[in-house]
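A quick write-up on the structure given underneath.
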Amino acid sequence: MNYKTILASVACVILFACSTPEKKEETTHARFEIETGVNISHWLSQVYGFSDRATFFTKDDVRLIDSLGFDHIRLPIDEKEMWNEDGTPIPEAFKYLTNAIDWCLEYNIRVLVDLHIIRSFYFNAGNEGGENTLFSNPKEQEHFYAMWRELSDTLKQYPTHMVAYELLNEAATENPEDWNNLVAKGIETIRKQEPTRVIFVGSNNWQIAETFPDLKVPEGDTNLVLSMHNYDPILFTHYKANWTEFKDFDDSVSYPGYIISEETYEKNKDTYPHFRGFKDGRNNYGPETFEAIFKPAIEKAQELGLPLYCGEFGALPYVKRENRLQYYRDIISVFKKHSITYTAWDYKGLFGIRGWNAETNTNTFLDTELAEILVGRK
């Protein structure tokens, strides 16, 4: 019996137990029961040329994920990886998707299928020069719903307690009502085909906790999960990330406590005058800080009687290892305190617990210490 099975039998951590007692008695839940998972990035999403699909993620990876104690994966998929530009599905890609789900079911690993990037919306378009048209073009919105109808047609064969959907990754629009309207119609589209499928929904502006008060979801739908993301303190978690505006910042950072010193701030403040994360580096970070950051999302979940999930968090390995591991311990302690289930970013990638050699298409290191922290063993 592996750790996941023991944890399930002893703790009985049931995701939908987060709803109020009254609602739990009155409604029937799909019971998508999860606690801790890992994102399968750069396979069917954000494929940057270093991942050979046939070898990058296989049944052996699912076996390893199970042995490490994770009980689910979040599986991002991109429109351009799954559909041609004319809207026709790519059979090979859909086969990889269903193969992955089949492997997971064999090991009792649950799967959250996340529509990560679509041609009309990319969460980082503002930083990379792209243009988002999803919220301004009704035709693109109809195409979005059509993709979900097609995904549902393919995936409705799977039991609701094993497979769930995430409507869209990190929506971002100036008017939160634009996102709320898309949420309502998107859920309605899926509900016509799958009345009890569990659907994860994040808030506007990259699913950050502070925007949860503006989020609206259909009333009375108890098969929903609220999903937040958190990369605070970003000056620490994304230290030396080459896609950020502070990629050239090379002064030291630390955690817990103050991410940068007052001296470092004064030295660099004119270089990053508009970067809020740089100013936040002067804050004192620890578990209490994470609780304060998560509070709006926690309160929204309590108000609606719905579970709360953190679908992405993590820190790059370019900081001191002891600092990085303490960050994971602290943020996970807050998740557990508030019954927030979670999925770390990521399995194989820059944040990953598993290394990958793109030249030889082979696995490299396995960070078992980090994995044990993520599943609560350490």
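The values are calculated or read from the model by the stated rules, or taken from the named source; none is laboratory data. Everything quoted here is computed from the prediction, not taken from an experiment. Note that each Cβ is placed from the backbone with ideal geometry, even for glycine, and that neighbours are counted across all protein chains shown.
The requirement of being among the polar types (S, T, N, Q) and surrounded by 18 or more Cβ atoms within 10 Å (Cβ to Cβ) is satisfied by T222.
Taking the criterion of being hydroxyl-bearing (S, T, Y) and outside any helix (DSSP H, G or I), the residues of segment 130-160 that qualify are T133, S136, Y158, T160. Can you spot a residue in segment 77-97 that is loosely packed, with under 14 Cβ neighbours inside 10 Å and farther than 30 Å from S120 by Cβ? No, that holds for no residue.
Condition check ((1) modelled with pLDDT under 95; (2) acidic (D, E); (3) closer than 20 Å to L168 by Cα; (4) over 17 Å from the mean Cα position of the chain (by Cα)) across all residues:
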| position | (1), (2), (3), (4) |
| --- | --- |
| R63 | no, no, no, yes |
| H72 | no, no, yes, no |
| F94 | no, no, yes, yes |
| E106 | no, yes, no, yes |
| L112 | no, no, yes, no |
| G126 | yes, no, yes, yes |
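Determine, yes or no, whether F70 is over 22 Å from A344 (Cα atoms) and buried (at least 17 other Cβ atoms within 10 Å of the Cβ). No. Residues in segment 44-56 that are surrounded by fewer than 24 Cβ atoms within 10 Å (Cβ to Cβ), within 14 Å of L75 (Cα to Cα) and not polar (S, T, N, Q): V47, R53, F56. Total residues in segment 101-148 satisfying the condition of being in contact with an Asp or Glu (Cβ under 7 Å, 6 or more places away or on another chain) and among the hydroxyl-bearing types (S, T, Y): the figure is 3. The set of residues from segment 257-277 being under 28 Å from F335 (Cβ atoms) and touching a helix residue (DSSP H, G or I) at 6+ places or on another chain (Cβ under 6 Å) comprises I259, G277.
All conditions in (1) crowded, with 22+ Cβ neighbours inside 10 Å; (2) farther than 21 Å from L68 by Cα; (3) of a type in the set (A, V, I, L, M, F, W, C) hold for F351, with the sole exception of (2). Any residue at all in segment 27-35 that is over 23 Å from G311 (Cβ atoms) and at pLDDT below 95? Among the residues of segment 27-35, at least one is over 23 Å from G311 (Cβ atoms) and at pLDDT below 95, which makes the answer yes. Go through K216, K267 for me and flag whichever is surrounded by fewer than 17 Cβ atoms within 10 Å (Cβ to Cβ), farther than 19 Å from L306 by Cα and free of Cβ contacts under 8 Å to residues at least 40 places away in the same chain. Selected residue: K267, the only one of K216, K267 that is surrounded by fewer than 17 Cβ atoms within 10 Å (Cβ to Cβ), farther than 19 Å from L306 by Cα and free of Cβ contacts under 8 Å to residues at least 40 places away in the same chain.
Just to confirm my filter: which helices (runs of 4 or more DSSP H) fall fully inside segment 204-308 and include at least 1 residues that are closer than 26 Å to T343 by Cα?
Helices (runs of 4 or more DSSP H) meeting the threshold: 234-237, 276-280, 287-304.
Okay, residues lined up against (1) more than 27 Å from V375 (Cα to Cα); (2) not β-branched (V, I, T):
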{"site": "E245", "(1), (2)": "yes, yes"}
{"site": "S261", "(1), (2)": "yes, yes"}
{"site": "T271", "(1), (2)": "yes, no"}
{"site": "N284", "(1), (2)": "no, yes"}
{"site": "A292", "(1), (2)": "no, yes"}
{"site": "L304", "(1), (2)": "yes, yes"}
{"site": "Y309", "(1), (2)": "no, yes"}
{"site": "Y318", "(1), (2)": "no, yes"}
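Total residues in segment 131-169 satisfying the condition of being surrounded by fewer than 20 Cβ atoms within 10 Å (Cβ to Cβ), over 17 Å from E85 (Cβ atoms) and among the charged types (D, E, K, R): the figure is 3.
For segment 355-376, the tally of residues that are modelled with pLDDT under 95 and either in a loop (DSSP other than H, G, I, E, B) or crowded, with 19+ Cβ neighbours inside 10 Å (or both) stands at 6.
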